[in-house]
Amino acid sequence: MSLNDKELVETLKIEWKRLWSERLDDKVRAEGIATADYRYLFVERGLIIHATKDYKALSFREILEQYQIANADRYIPPPPQIGGWTKFIKTNITSQQQRSRGKRAQLYREEEQKPKQQLKKGGRGWLHL
């Protein structure tokens, strides 16, 4: 991997963040529109970048592939459904801590029997007339 590729990817990331932060949201048509020209991302002013119905949204991976950057997946974090650091921590580390916390506490806890209270009306419940 060369230094030029890293610099190019960094400029593309900056442009990508700027594109999504400056977009115009049309609430009537439920779509996002680019407000300026983004030369590096191949996006012109007025291009629909996000829509709800039958529209293929822009993909950062496809832009990297157009620039012929090797191993484009390296620069893109995985989607939350597949996983990442956050999902790994939630599934492996915190669940183990919660399980061990309960087991360790049970080892040192003495079972205390509370005396049972007397039942109302001798266990027959409330009397209704």
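So which residues in the stretch 38-57 are charged (D, E, K, R) and touching a Ser or Thr at 6+ places or on another chain (Cβ under 9 Å), if there are any at all?
R45 - this is the single residue of the stretch 38-57 that is charged (D, E, K, R) and touching a Ser or Thr at 6+ places or on another chain (Cβ under 9 Å).
Considering only residues in the stretch 2-55 that are open to solvent by 80 Å² or more (accessible area, probe 1.4 Å) and of a type in the set (A, V, I, L, M), the one that is nearest to the chain's Cα centre (by Cα) turns out to be I14. Could you list all residues from the stretch 14-66 that are out of contact with any helix residue (DSSP H, G or I) (no Cβ under 6 Å at 6 or more places or on another chain) and in contact (Cβ under 8 Å) with a residue 40 or more places away in the chain? Selection gives I63 alone.
Restricted to helices (runs of 4 or more DSSP H) entirely inside the stretch 56-116, those with at least 2 residues that are loosely packed, with under 11 Cβ neighbours inside 10 Å, modelled with pLDDT under 80 and aromatic (F, W, Y) are 85-88.
The values are calculated or read from the model by the stated rules, or taken from the named source; none is laboratory data. Here the structure is a predicted model, which means the values were calculated and not measured. Counting neighbours? That spans all protein chains shown, and the Cβs are built from the backbone with ideal geometry, glycine included. Just so you know, the surface numbers come from the protein's heavy atoms only, side chains and all, with ligands and any DNA or RNA stripped out. Shrake-Rupley method; radii C 1.70, N 1.55, O 1.52, S 1.80 Å.
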